[in-house]
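Contents: one structure, followed by commentary.
Since every read-out is calculated from the coordinates, none of them should be taken as a lab result. All values reported here derive from a predicted model rather than from experimental measurement. Note that we place each Cβ from the backbone using ideal geometry, even for glycine, and neighbour counts take in every protein chain shown.
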Amino acid sequence: MKKNRALFSCLILLCTFLFGCHGYHSDGEFLYVKRGDTLYSLSKKNDLSMRAVIKENNLKQPYTLKVGQKLKIPQPKTHVVQKGDTLYNVSKRYQMSVHELSKMNELKAPYTIHLGQRLKIRDVDDVLTASSNQKGKPLSSSRAKTLAEEKRLNNQKETPLQVKNTPQSRSKGVARSSAKIPYWQRKKKFAWPVKGPVVAKFGLNAQGQQNDGINIKAKQGTYVKAAEEGVIGYASNGLKGYGNLILIRHKSGWLTAYAHNQKLLVKKGQKVKKGQNIALVGATGNVKSPQLHFEIRYKTKVVNPQNYLK
């Protein structure tokens, strides 16, 4: 089985290489300029600050881009929580509101932060620019509510926002294998490829064997659906143990795998939409009952699919 997993990893590497040749805008580390792209459109499509992209790549006005140009994606600034830190004093240190800081880090009441936790923070230049653009403009009702909530939290000062000496690894909702995945990619959500109970979870099992995905039990012949739009990178039964296997390349360096299918309904190079039927559930390869082995990878890095499925 280890040999099969090694061959599977080689196949993933090949698909990842081919992924970079299809002209997608981003591979998660760089932006690739295509015909018709502008700095504004690239930043908007990839949910990035245009100012941050300019600063990261030392671009000069008038910011003209060339087809094929490679732009480095700016990495988010972070603050490592130290003893005595609170959400309130961290927000003030970086000229942010408590509401903005908690929302950026998906924190919920009572807004507890942990020693050693990395908090995403805004670039000070962006904050100052945003503030200057608001001068003289009336507050919207939503902004007024935000300020009211911030005032309430600020008045509470240190009491509800103290740091707990709890390891950050206990925090919920982040795949343990996704530490190096850019934060704007960790929120990525895929659709369930098939409905059914998970009969084999991600990670090590009782026998000490590693499962790089999850196995979902389903009735023989049930349609398997694409978890996200993309391009079929592999559709064959040439890899022993996986049976009829499909690999789909998605934008920004993501890849999904679908194994043990009874029948494949797509071909290599075909574009598919999210939710499109791509195969029928089967029991091919090294399984004895109908089920789907499903994996999600960021580039070549495996992640727990259940943290990315909705």
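Which residue, chosen from 67, 82, 52, occupies the Cα position most advanced towards the positive end of the dipole of the stretch 29-106, where the dipole is computed from +1 (Lys, Arg) and -1 (Asp, Glu) charges on Cβ about the Cα centre?
So the residue we want is 67.
Pull up all non-local amide H partners of residue 254: gap of 5 or more, or a different chain, and H-to-H distance under 5 Å with H placed in the peptide plane.
Residues meeting the criterion, in which the H sits 1.01 Å from N, are 299.
Tell me, what is the FRET efficiency for residue 51 and residue 80 to the nearest 0.05, using R0 = 25 angstrom and their Cβ-Cβ distance as r?
Numbers: r = 24 Å, r/R0 = 0.96.
My answer for the efficiency is 0.55.
Dipole of the stretch 29-75, Cα-centred, from +1 at each Lys and Arg C-beta and -1 at each Asp and Glu C-beta, to the nearest 20 debye?
Working: 10 positive and 4 negative charges, 31 e Å.
It works out to roughly 140 debye.
What order do you get for 229, 295, 100 when you list them from fewest to most C-beta neighbours inside 10 Å? All intermediate terms of the calculation are to be shown ahead of the outcome.
Details: 229 14, 295 21, 100 18.
In increasing order of surrounding Cβ atoms, one gets 229, 100, 295.
Obtain the nm distance between the two label points defined at residue 65 and residue 236 by a simple spin-label model: each point lies 7 Å from its Cα along the Cα-to-C-beta direction.
3.5
Any chance you could run the full-extension gain for residue 198 through residue 95? It's 0.36 nm times the residue separation minus the Cα-Cα distance, nm to one decimal.
Details: separation 103, 0.36 × 103 = 37.08 nm, distance 4.49 nm.
Full-extension gain reported as 32.6 nm.
Test of the criteria: in the stretch 39-92, which chymotrypsin sites (Phe, Trp or Tyr not before Pro) are in a DSSP loop and have at most 16 other Cβ atoms within 10 angstrom of their Cβ?
On the way: sites: 40, 63, 88; in loops: 63.
Answer in residue order: 63.
For residue 58 and residue 265, compute 0.36 nm times the residue count separating them, minus their Cα-Cα distance, and round to one decimal in nm. All intermediate terms of the calculation are to be shown ahead of the outcome.
Numbers: separation 207, 0.36 × 207 = 74.52 nm, distance 4.69 nm.
Net length gain for the segment: 69.8 nm.
Per residue of the stretch 107-112, in order, report the coupling 6.51 cos²θ - 1.76 cosθ + 1.60 (Karplus, θ = phi - 60°) as ³J(HN,Hα) in whole Hz, putting x for Gly and Pro.
Using θ = phi - 60°, the values come out as 8, 10, 4, x, 6, 6 Hz.
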